[in-house]
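Down below is the structure, laid out as structure tokens.
Any read-out appearing in this document is the output of simple, stated calculations on the displayed coordinates, not a laboratory observation. Since we're looking at a predicted model, the values are computed, not measured. Because the Cβ atoms are built from the backbone with ideal geometry, glycine has one as well, and the counts that use them run over all protein chains shown.
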Amino acid sequence: MAPRPGFEPGTCPLGGGRAIQLCHRGKRTPFWHSILSPPDQSNNVMKAVLCERLDGFESLVYRDIDEPGDPNETQIKVAIKARGVSFTDILTTKGEYQTKTELPFPVGGEGAGLVTTIGSQVKNFKPGDRVLVPGGCVEQVLVDSQQATLLPSNVDLDSAASFRSNYLTALVALQRAQLEAGETLLVHGAAGGVGLAAVDLGKLMGARVIATASSDEKLKVVGSLGANHLLNYSEGGFRQKVKDLTEGKGADVIYDPVGGEVFEESMRCIAPFGRILIVGFTSGKPALAKTNHLLVKDAQIIGFTIGGFKKHAPEKAKRNESTLMDWLESKRIHPYISHRFPLKETVDALRLITQRKVIGKVLVTND
């Protein structure tokens, strides 16, 4: 059978026994490492989806590499069972994400699986524990035990792998906007990963949520998470509809992962003293803010990155992660998975994201 586009069977062509330490999202200390020379027959091998050049996700390769070795004193070895991928991974494979990643690297940034081996000084985990780790599209990872999160007994691996990055993004955004109960929250791209998380959290925080998406099918899922009003923007603009729903006032907080023309129209339906959150640019076009509009509306534009938040407010970041896990365990938040793909079809999973067919999250599972 001919190989699928974007995948090459066989071994990694980095011969000469060259040892490469894989770095994740620009970090100098990797979350896992492996020797990417051709697998030695005396070693165990595993499957991996690697970015070896910044040509986009279509050029990813699916191949055998050596398994990571034994954990050091503070590490654990984890067999990954489910992985979440997102639009961020597409940008990373093109070198367009805010932080750069040293080549080659495994695509993907979060996974859930089972602990198989622990280091001699690890006291907080044991083999067989179910954990959430910063693991990409590989079958096994080595991580420092401080980077792993033990999963509650009633949280399944798929749910764990699907929620953290989206919900952390949405929670930090709504915290930065100081969203208050009773305010009106307008969420664009509400069927996407970070958009659906914002709808879910906005309702939990007591906001009145107006959600926009491109189809009635997507809006049906958004409505199941409690959005008060659903707007299909393929049927025309949203500005006047938002003003009608708010008796001319506009939205207090606008959550915008789209950018471009959506941002420009949002500025025309923002409430006095409103806040617009810059979450991303899935439209491919960052918008230019007109400061005279901000002045007239007494409005704020708020930008942020999760990486920056973790760097500058690490204790708050840890509290957010703990809070979200508590909410997941108590079913106060509801991550939604629309598609699952086997590891060898990771390219297809990412392609579906570019085609805007994913609602919530797409997962990559084992072959």
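Taking the chain as the reference, fit the longest principal axis to its C-alpha atoms, fit the long axis of helix 314-329 to the helix C-alpha atoms, and give the angle between the two in degrees, 0 to 90, nearest 10. Tilt of helix 314-329: around 90 degrees.
In order along the range 125-130, phi translates into HN-Hα couplings of 9, 9, x, x, 5, 9 Hz, rounded to whole numbers, per the Karplus curve 6.51 cos²θ - 1.76 cosθ + 1.60 with θ = phi - 60° and x for Gly and Pro. Note on Kirkwood radius over Cα pairs in Å: of the candidates (1) 21.4; (2) 20.7; (3) 22.6, the value calculated from this structure sits at (1).
Can you tell me what share of the DSSP beta bridges in the chain is antiparallel? A percent to the nearest 5 is fine.
Just about 55 percent of them are antiparallel.
Around the amide H of E110, modelled in the peptide plane, lie the amide H atoms of G84, G135, all under 5 Å away and 5 or more residues distant in sequence or on another chain.
Its convex hull of Cα atoms gives the range 165-307 a direction-averaged projected area, equal to a quarter of the hull surface, of 7.6 nm².
Among residues other than A161 whose Cβ falls under 12 Å from its Cβ, what is the net charge (Lys/Arg +1, Asp/Glu -1)?
Local net charge: +3.
Placing a pseudo-label 7 Å from each Cα along the Cα-to-Cβ vector at V296 and N232 gives an inter-label distance of 3.2 nm. Neighbour counting of Cβ atoms within 10 Å sorts the residues T323, T365, fewest neighbours leading, into T323, T365.
By other beta-carbon atoms within 10 Å, ranking F105, F57 with the fewest at the front produces F105, F57. Scalar couplings 3J(HN,Hα) for the range 182-191, obtained by applying the Karplus form with A = 6.51, B = -1.76, C = 1.60 to θ = phi - 60°, are x, 6, 9, 10, 9, 10, 8, x, 5, 8 Hz; x denotes Gly and Pro. Between the amide H of A299 and those of F273, distances stay under 5 Å, these residues lying 5 or more places away or on another chain, with hydrogens modeled in the peptide plane.
Residue-wise HN-Hα couplings along the range 45-59, as the Karplus relation 6.51 cos²θ - 1.76 cosθ + 1.60 with θ = phi - 60° gives them from phi, are 10, 9, 8, 8, 10, 10, 9, 10, 8, 8, 10, x, 5, 5, 9 Hz; Gly and Pro carry x. Between amide H atoms placed 1.01 Å from N, distances below 5 Å from Q75 occur with G119, S145, all of them 5 or more places distant or on a separate chain.
Note on S120 and K318: the extension gain reaches 68.7 nm, defined as 0.36 nm multiplied by sequence separation minus the Cα-Cα distance. By the rule of a C-alpha distance below 25 Å, with chain neighbours fewer than 8 residues away ignored, the lysines paired with K220 are K203, K241, K243, K331, K357, K361. Taking other Cβ atoms within 10 Å as a rough exposure proxy, E265, E247, E180 sort from fewest to most as E247, E180, E265. Specify which residue in the list L151, G84, V209 is farthest towards the positive end of the charge dipole of the chain, using unit charges on the beta carbon of Lys, Arg (+1) and Asp, Glu (-1), about the Cα centre. Farthest towards the positive pole: V209. Against the chain, whose longest principal axis is taken from its Cα atoms, helix 193-204 shows a tilt of about 60°.
Among DSSP beta bridges whose residues both lie in the range 165-307, state the antiparallel percentage, nearest 5.
Antiparallel: roughly 0 percent of the beta bridges in the range 165-307.
Computed from Cα atoms, the angle from the helix 157-176 axis to the main principal axis of the chain rounds to 40 degrees. Dipole check for the range 165-307: with +1 at the C-beta of Lys and Arg, -1 at the C-beta of Asp and Glu, and the Cα centre as origin, the magnitude is about 140 Debye. Between the exposed loop cleavage positions of the chain, defined as trypsin sites (Lys or Arg not before Pro) in a non-H, G, I, E, B DSSP state with at most 10 neighbouring beta-carbon atoms within 10 angstrom, the longest gap is 124-330.
Hey, what number do you get for the chain at 222 nm if only DSSP H runs of n ≥ 4 count, each worth -39500 (n - 2.57), divided across all residues, to the nearest 500? Calculated from helices alone, the mean residue ellipticity at 222 nm is -8000 deg cm²/dmol. Contact order for the chain, expressed relative to its length and based on alpha carbon pairs under 8 Å spaced 6+ residues apart, stands at 15 percent.
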